[in-house]
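Colleague: Once you've had a glance at the structure underneath, I'll fire off some questions.
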There are 2 protein chains.
Amino acid sequence: MEISSLSHTSKAHKDNNKKMGIEMQNHQSHQAEGAPEEEPMSRWLIDTPEPPTICQELIGYVRTKVLSKKRNKTKKKPSNPVYSCLKSVFPILTWGRQYKLNMFKKDLMAGLTLASLCIPQSIGYANLAGLDPEYGLYTSVVPPLIYSTMGSSRELAIGPVAVVSLLLSSLIRELQDPITDPIAYRNIVFTVTFFAGMFQAIFGLFRLGFLVDFLSHAALVGFMAGAAIVIGLQQLKGLFGLSHFTNKTDVVSVLSSVFNSLHHPWQPLNFVIGSSFLIFILLARFIGKRNKKLFWIPAIAPLIAVILATLIVYLTNAETRGVKIVKNIKPGLNRPSVNELQFNSPHLGQIAKIGLISAIIALTEAIAVGRSFATIKGYRLDGNKEMMAMGFSNIAGSLTSCYVATGSFSRTAVNFSAGCETVVSNIVMAITVMISLEVLTRFLYFTPTAILASIILSALPGLIDISGALHIWKLDKLDFLVLLSAFFGVLFVSVEIGLLLAVGISFARIMLSSIRPNIEALGRLSRTDIFGDINQYPMASKTQGLLTLRISSPLLCFANANFIRDRILNTVGEVKEEDDEQEVKVETVLQVVILDMSCVMGVDTSGIVALEELHQELASNNIRLVIASPRWRVLHKLKRSTLEEKMKKENIFMTVGEAVEVYVRASSTSHDLC
Amino acid sequence: MEISSLSHTSKAHKDNNKKMGIEMQNHQSHQAEGAPEEEPMSRWLIDTPEPPTICQELIGYVRTKVLSKKRNKTKKKPSNPVYSCLKSVFPILTWGRQYKLNMFKKDLMAGLTLASLCIPQSIGYANLAGLDPEYGLYTSVVPPLIYSTMGSSRELAIGPVAVVSLLLSSLIRELQDPITDPIAYRNIVFTVTFFAGMFQAIFGLFRLGFLVDFLSHAALVGFMAGAAIVIGLQQLKGLFGLSHFTNKTDVVSVLSSVFNSLHHPWQPLNFVIGSSFLIFILLARFIGKRNKKLFWIPAIAPLIAVILATLIVYLTNAETRGVKIVKNIKPGLNRPSVNELQFNSPHLGQIAKIGLISAIIALTEAIAVGRSFATIKGYRLDGNKEMMAMGFSNIAGSLTSCYVATGSFSRTAVNFSAGCETVVSNIVMAITVMISLEVLTRFLYFTPTAILASIILSALPGLIDISGALHIWKLDKLDFLVLLSAFFGVLFVSVEIGLLLAVGISFARIMLSSIRPNIEALGRLSRTDIFGDINQYPMASKTQGLLTLRISSPLLCFANANFIRDRILNTVGEVKEEDDEQEVKVETVLQVVILDMSCVMGVDTSGIVALEELHQELASNNIRLVIASPRWRVLHKLKRSTLEEKMKKENIFMTVGEAVEVYVRASSTSHDLC
């Protein structure tokens, strides 16, 4: 349906005009006869060229795409085409040239702040994803580096995020339990990451960015809030130091699992450490919110919490008193994981599906975050380029022991507050994480797991957008329903069901508006030629003997043709009944039904059949069917259809106003004659 | 989306008006200031009442339904409510009273003609459905009798039909082979019939008639043609007297099966009998077509063929020479089959699914046939009532050894030609079939199976609507694609896939028109206030400094908001580029973008966000965004949204014309001032 060429005009169809001109001369002369007027507007209807066929449209589409590229190329004659192509794929080649030292100073500071938040979060999210802590750190190395060369956002902080981690663990757990065989589980995670990257890259390459739009804003708000609560509940395991915990993610299973575990002996020290540092981090955030200049306090609070907690455990030997600790983190940089991809797995279909879901969720989050910050800084994000960048980041990640990375809400905000200038802050962060992978991992041996839970918990409120939800409630009740269904679906059933429900309801709404379109009665606004919906404009007046109806659907097609026909006939029936009750005079009885088709972009064969039936049915009741302001394609199909010739010639008008005028004049002359 | 109450106006919202009136006074005064005009049309925008909320709409919908029924009831005060309810369910109570003897004479003749065609067809179709011959005859007894009391069509001939028989055998065969265990197969058939009836009755009760519309006319034409060819190929088994035959229905399997079988010895006598009587029936049809008065010749030709063939076989003992015969047909009327319904079957879900598919196919065929003959006779068929009648016919059928019955194309035409007046012809037919079940079954022992194949074959050309297909090709290429996909899907893959493909493509088209709507540039038609698509009206002229764009989608929502925003920005970019190239004067550079939202019925939160972003982006380029003719709900959401106050107050106009006028006046005054 995409007609991209707004400037693609009638040149190609001039020859068709002539033919039609002859064919339609009758119409014109007849018009003039029926309603003696200097220039009946309907002549414009006659003069319209034939609309382009589907083939012509496709050719035109391709041509404009190619031509526009050519035009751009001729402009940039001096530059090397290979180099300009490279530049479009790697924006770093463009902005890298203008990169200056004082920019680097800012990026360095932002990158270091980012790293201090990123290291504890990565470890925590890896835990949430069912992986060993080092995999979270790995994911904060390779994807940000790749993204920084290909991405077009300047603020996005790439790495593991909470929601995708939850999504992966909850979906992959159904294929492979991470506790019984962690290696097999990990391999599936890498394969899913590979698929996610492939899907994202394909979306970008084939400009399928609209697929990301299918998860509407409302669905995303509901989904994020539900996921945040589910993630929070998952952290109860770490916070209470529980050993037995459910694999399910829904509220009921998790809460019952917690209550069951509490009957067994549990280690309150974990809870003390976790909750006290949670309070510490929240306090730091409170300070940061009160004074925008102190943004770095909440940013480095998690790292300080980790260091303090680790030191406390190390110095007091708390691990012997039941405090659960992280233990071994493998030191060293990312190991290649090419050989660990499972393309022969019997679950390959499932794995690809999980890859697709996480690709879409990851992209939706990254693009939403990236767009909002780009708008603040006043530049535009190219969705398709972002997808390519994210896709290649994840493909590279899947080959180097990373799991699905995307743009993080919380860290991007920190990056922005810290005054980053370009994605160099991501590079700084990645290098810092690399160094800590080499140096710090031994130190993290004594880090209590409860502190990781509290770091994740502290990041969750940012995912719950209550004011956004209220705004949606105020604006659109159906959108709010989508939000609620995503929220409760995630909360009480599963992540997948929540998403499916939200997308399903969103699309059902679109379908419904096509299957059950509005048919509005129109009335004339006094002293104008404007006809408006009589519900919207109660002051609009109807013309006696006329019924003007507007079809508010872009397609008059198989799915709604019968409905529209029946609705029109019912309305006509109602009007006639009223007329009978009020015993109106013969000359003011319903004589003409004007169908305003200005919103109907196309008809199919069923639509034409419905119009024919409508015409016949009305004719048998001595009512004339008149079509006003048909659009290009509709007009054309009406001409080619088997609709009665008389109908085609006399009863198609340019506007509702013209149709009404012709009717009023005709009826007044006939009245005079009487 | 259905707003059924066209007359449901603003009374309920009067109080809201006041509030809004105050809020919008600024707007009015401001308008007057900016453009000194007696009555700015935008005041109408201000005076619009609030649109009804979803709750109010639902209440209004229910109220109008109930009220309209009450009104009807008060009119018919004298009649008993139970009786009037009964009359609406059983139309026979209404027309039965006026039934006269001369009508019965016609119905008797039509019924007898119908029976003579129905008996051989029923036996053949039962064979096609994988059942013993008597079950076809049973199906021609009970469903027509039930239908004749409840149906509203006067011509529809109810009974087994070819396409549904094929559908049942091809789908049920996957669950149970009819040869290895015919009783289990039969029981599944009855259960499917029960489900089909239940679904049909439910569709009728809950007014879900639109579900039948989902199978578009084009899909039906393609499906029927494909099914006819598949059925024809299945008849090769009977025609050649083959013993080994494939269970699959696609062309490739069937043809290879036929060629493989031909290597084995086969009985040419079957082919001789079958093809000679096929020629006889086709000749009879040719005569009937040439002379409309001799319509009874093709109608009784099949019965004569059966009688002649049976006599020949009986007299020549041809069955000993390899001619396959029907053999035992159980004499006697329908036996009850209540105990044979399989509600505990492990395949219950599958059975229900097959029931649903055959319910929809059967309904589509019956309603299509019924409607076309109703239109000829000039009355209207109530789709929901028809569904109820068909549903109860099939439920009753499933309890009395019948399989799915529906309205037959060929027999309805014969019924009509034979001059039937009411459904009494169906009753006559059913009684005739009952008598033959008691009397004739012994005679049918020697009927050769080849004759059944030739009777089915002779009925198939009626299912292939070539002129209809050509008409579709002429009118709508996409509809033709739907037709082709149904046709080739049925032919080369399976009945299910063909249907799925056709429905899928049809809906993809509707979705596509919502996801990728047209954005059209508008121009003014000279000396009028009409703005038309510049592609449709090449003579339309653009105003300098203005870009008028129309969004042709009923919803500005999550699925298309980003696309629409980007398209508008791209178009603006193109116009600016052209301006730069042509080095236009400052005062004629693009300054205002007018968005004609007259076709947009609703926005969701994503749509509002897209408008905000568009407003910001354009503002940063010194371009003003103006919204013209917003619809009720859209206007309301714009008011409640977070769109900039200034935008809301100054830049919303009643029509494109008004917006252009205000701009032109403003720019001319500013020009004068310079």
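Readers should treat all values here as calculations from the given coordinates under stated rules, not as data from a laboratory. Fair warning: this is a prediction, and the values are worked out from it, not measured in the lab. Quick reminder, even Gly has a Cβ in these numbers, built from the backbone with ideal geometry, and neighbours come from all protein chains shown.
Colleague: Using the 2.2 N^0.38 Å rule of thumb for compact globular proteins, work out how the range B:398-495 stacks up: its C-alpha Rg over that value, please.
Modeller: Values: Rg = 18.7 Å, N = 98, 2.2 N^0.38 = 12.6 Å.
Compared with the compact-globule rule of thumb, the range B:398-495 sits at 1.49.
Colleague: Further, regarding this structure: Mind ordering B:156-162, B:412-418, B:522-528 by average Cβ neighbours within 10 Å, highest first? The partial results should precede the final answer.
Modeller: Numbers: B:156-162: 30.3, B:412-418: 22.4, B:522-528: 17.4.
Result, highest mean first: B:156-162, B:412-418, B:522-528.
Colleague: Sticking with this one: Can you pull the Kirkwood radius for the range B:577-630, inverse mean 1/r over Cα pairs, to one decimal in Å? Write out the running numbers ahead of the final one.
Modeller: Working: mean 1/r = 0.0784 Å⁻¹.
This gives a value of 12.8 Å.
Colleague: What ranking of A:487, A:492 emerges when the number of other C-beta atoms within 10 Å of each C-beta is taken as an exposure proxy, fewest first? Display every interim value, and only then the final one.
Modeller: Details: A:487 25, A:492 15.
Fewest-to-most ranking of A:487, A:492: A:492, A:487.
Colleague: Where does the range A:129-252 land on the Kirkwood hydrodynamic radius, alpha-carbon pairs, in angstrom?
Modeller: Evaluated over the range A:129-252, this radius sits at 16.5 Å.
Colleague: Based only on other Cβ atoms within 10 Å, what is the fewest-to-most ordering of A:180, A:588? Working shown, then result.
Modeller: Working: A:180 8, A:588 14.
With the fewest neighbours first, A:180, A:588 line up as A:180, A:588.
Colleague: Given a cut-off of 19 Å, what percent of all Cα-Cα pairs of the range A:475-576 lie beyond it? Show your work: numbers first, answer last.
Modeller: Numbers: 3107 of 5151 pairs.
Summing the P(r) tail past 19 Å for the range A:475-576 gives 60 percent.
Colleague: List every DSSP H helix in chain B whose Cα atoms extend 18 Å or more along the helix's own long axis and whose mean Kyte-Doolittle hydropathy is at least -0.5.
Modeller: Details: long enough: B:14-34 (29 Å, -1.96); B:54-75 (31 Å, -0.70); B:101-128 (38 Å, 0.66); B:182-205 (34 Å, 1.27); B:217-240 (35 Å, 1.39); B:251-263 (19 Å, 1.33); B:268-290 (33 Å, 1.30); B:296-316 (29 Å, 2.21); B:348-377 (42 Å, 1.24); B:383-399 (24 Å, 0.19); B:424-439 (22 Å, 1.90); B:495-515 (30 Å, 1.84); B:561-582 (32 Å, -1.05); B:605-620 (23 Å, 0.24); B:656-673 (26 Å, 0.07).
Long hydrophobic helices here: B:101-128, B:182-205, B:217-240, B:251-263, B:268-290, B:296-316, B:348-377, B:383-399, B:424-439, B:495-515, B:605-620, B:656-673.
Colleague: Continuing with the same structure: When the label point is put 7 Å from the Cα of residue B:439 along its Cα-to-beta-carbon vector, which residues of the range B:120-140 have a backbone N closer than 14 Å?
Modeller: none
Colleague: Over the Cα atoms of the range A:601-674, how large are the radius of gyration and the largest Cα-Cα distance (Dmax), in Å?
Modeller: 13.5, 43
Colleague: Whole Å is fine, so just give me how far the alpha carbon centre of the range B:136-193 lies from that of the range A:557-579.
Modeller: Value for the Cα centre distance between the two parts: 35 Å.
Colleague: Can you figure out the FRET efficiency of residue A:384 with residue A:260, using R₀ = 60 Å and their beta-carbon distance, to the nearest 0.05?
Modeller: Numbers: r = 49 Å, r/R0 = 0.81.
Calculated value: 0.80.
Colleague: What is the mean number of Cβ atoms from other protein chains located within 10 Å of the Cβ atom of each residue in peptide A:532-545, rounded to a whole number?
Modeller: Values: counts 9, 6, 4, 13, 14, 8, 9, 5, 1, 0, 0, 0, 0, 0.
So the per-residue partner count for this stretch is 5.
Colleague: Considering the Cα positions of the range A:230-355, please state its Rg to one decimal place and its Dmax as a whole number of Å.
Modeller: Every Cα atom of the range A:230-355 included, Rg and Dmax give 19.3, 55 Å.
Colleague: At q = 0.17 Å⁻¹, what is the base-10 log of I(q)/I(0) for the range A:317-372 according to the Debye formula with one equal point scatterer per Cα and no solvent? Please give it to two decimals.
Modeller: Each listed q maps to, in turn, -0.87.
Colleague: Also: Once Lys and Arg get +1 and Asp and Glu get -1 on their Cβ, which of A:121, B:257, A:111 lies farthest toward the positive end of the dipole of the protein assembly as shown?
Modeller: So the residue furthest toward the plus end is B:257.
Colleague: Going by how many other beta carbons lie within 10 Å of each one, how would you line up B:177, B:382, B:476, fewest first? Each step should come with its number before you reach the end.
Modeller: Details: B:177 14, B:382 18, B:476 26.
Sorted ascending by nearby Cβ count, the order is B:177, B:382, B:476.
Colleague: Mean separation of Cα pairs under 8 Å and 6+ residues apart, divided by the residue count of chain A: what relative contact order is that in percent?
Modeller: Working: 1098 pairs, mean separation 134.6, N = 674.
This gives 20 percent for chain A.
Colleague: Shifting gears a bit: Using only the alpha-carbon atoms of the range B:461-502, report the extent along each of the three principal axes, biggest first, to the nearest angstrom.
Modeller: Here the Cα extents, ordered largest to smallest, are 27, 25, 11 Å.
Colleague: Tell me, in nm to one decimal, what length is gained between residue B:570 and residue B:56 on full extension, where the rule is 0.36 nm per residue of separation less the Cα-Cα distance?
Modeller: Values: separation 514, 0.36 × 514 = 185.04 nm, distance 4.03 nm.
Result: 181.0 nm gained on full extension.
Colleague: Per residue, how much space in cubic angstrom lies within the convex hull of the C-alpha atoms of the range B:175-243?
Modeller: Values: hull volume 7.8 nm³, N = 69.
Dividing the Cα hull volume of the range B:175-243 by its residue count gives 113 Å³.
Colleague: Rounded to the nearest 0.05, what FRET efficiency do residue A:665 and residue B:377 give with R0 = 51 Å and r taken as the Cβ-Cβ distance? Could you check?
Modeller: In this case the efficiency is close to 0.85.
Colleague: Separate question: Chain A: longest stretch without exposed GluC sites (Glu not before Pro) (DSSP loop, at most 11 other Cβ within 10 Å), sites themselves excluded?
Modeller: On the way: sites that count: A:38, A:583.
Result, exposed sites excluded: A:39-582.
Colleague: Within the range B:351-389, what residues put their amide N at less than 18 Å from the label point 7 Å along the Cα-to-Cβ vector of residue B:99?
Modeller: The answer is B:389, whose backbone nitrogens lie closer than 18 Å to the label point.
Colleague: OK, next. How big is the Cα convex hull of the range B:483-542 in projection, averaged over all directions, in nm²? Write down the numbers at each step before the final one.
Modeller: Working: hull surface 22.9 nm².
Directional mean of the projected Cα hull area for the range B:483-542 stands at 5.7 nm².
Colleague: For the range B:517-673, take the alpha-carbon Rg, divide it by the Kirkwood Rh, and send me Rg/Rh.
Modeller: Values: Rg = 15.0 Å, Rh = 15.9 Å.
Using Cα coordinates only, the ratio equals 0.94.
Colleague: Above 17 Å lies some portion of the pair distances; for the range B:265-315, what is it as a whole percent of all C-alpha pairs? List each step's numbers first, then the result.
Modeller: Values: 524 of 1275 pairs.
Value for the range B:265-315: 41 percent of Cα pairs lie more than 17 Å apart.
Colleague: Report the local net charge at residue B:241: Lys and Arg +1, Asp and Glu -1, summed over other residues whose C-beta lies under 13 Å from its C-beta.
Modeller: Details: positive: B:237, B:321, B:324; negative: B:319.
Combined, the nearby Lys, Arg, Asp and Glu give +2.
Colleague: Another one. At residue A:292 and residue A:205, where each label point lies 7 Å from the Cα along Cα→Cβ, what is the point-to-point distance in nanometres?
Modeller: Label at residue A:292, label at residue A:205, 4.3 nm between them.
Colleague: Follow-up question, since we're still on this one. Using a Förster distance of 30 angstrom, determine the FRET efficiency expected from the C-beta separation of residue B:581 and residue A:84, and round it to 0.05.
Modeller: On the way: r = 21 Å, r/R0 = 0.69.
With R0 = 30 Å, the Cβ-Cβ based efficiency is 0.90.
Colleague: How large is the Rg to Rh ratio of chain B when both quantities use alpha carbon positions and Rh follows Kirkwood? Please list the in-between numbers first.
Modeller: On the way: Rg = 32.9 Å, Rh = 29.5 Å.
Computed over Cα atoms, the ratio is 1.12.
Colleague: What does the helix-only formula give at 222 nm for chain B: each DSSP H stretch with n ≥ 4 adding -39500 (n - 2.57), the total divided by the residues, and the result rounded to the nearest 500 deg cm²/dmol? Intermediate results must be reported in sequence, preceding the final value.
Modeller: Values: 28 runs with 423 residues, N = 674.
For chain B, the value works out to -20500 deg cm²/dmol.
Colleague: I've got another one for you. Residue farthest toward the positive end of the dipole of chain B, with Cβ of Lys/Arg at +1 and Asp/Glu at -1: which of B:531, B:625, B:168?
Modeller: Going by the charge dipole, the pick is B:168.
Colleague: From other protein chains only, count the Cβ atoms within 10 Å of every residue's Cβ in B:500-510, then give the mean. Before the final figure, lay out each step's value.
Modeller: Details: counts 0, 0, 0, 1, 0, 0, 5, 5, 0, 7, 13.
That average works out to 3.
Colleague: Right, here's the next one. Is there a simple number for the mean count of other chain Cβ atoms within 10 Å of the Cβ of residues in A:572-583, and what is it? All intermediate terms of the calculation are to be shown ahead of the outcome.
Modeller: Working: counts 0, 0, 4, 2, 0, 2, 1, 0, 0, 0, 0, 0.
That average works out to 1.
Colleague: Taking the protein assembly as shown on its own, what percent of its Cα-Cα pair distances exceed 59 Å? Provide the component values of the computation, followed by the final result.
Modeller: Values: 273375 of 907878 pairs.
Taking all Cα-Cα pairs of the protein assembly as shown, the fraction more than 59 Å apart is 30 percent.
Colleague: Quick one: which residues, 5 or more positions from residue A:603 or on another chain, have an amide H under 5 Å from its amide H? H modelled 1.01 Å from N in the peptide plane, none for Pro or chain starts.
Modeller: Amide H neighbours of residue A:603, under 5 Å, 5+ apart: A:556.
Colleague: I would also like to ask the following. Give me the mean projected area, in nm² to one decimal, of the convex hull enclosing the Cα positions of the range A:281-430. Walk me through the numbers on the way to the answer.
Modeller: Values: hull surface 51.5 nm².
Here the figure is 12.9 nm², rounded to one decimal.
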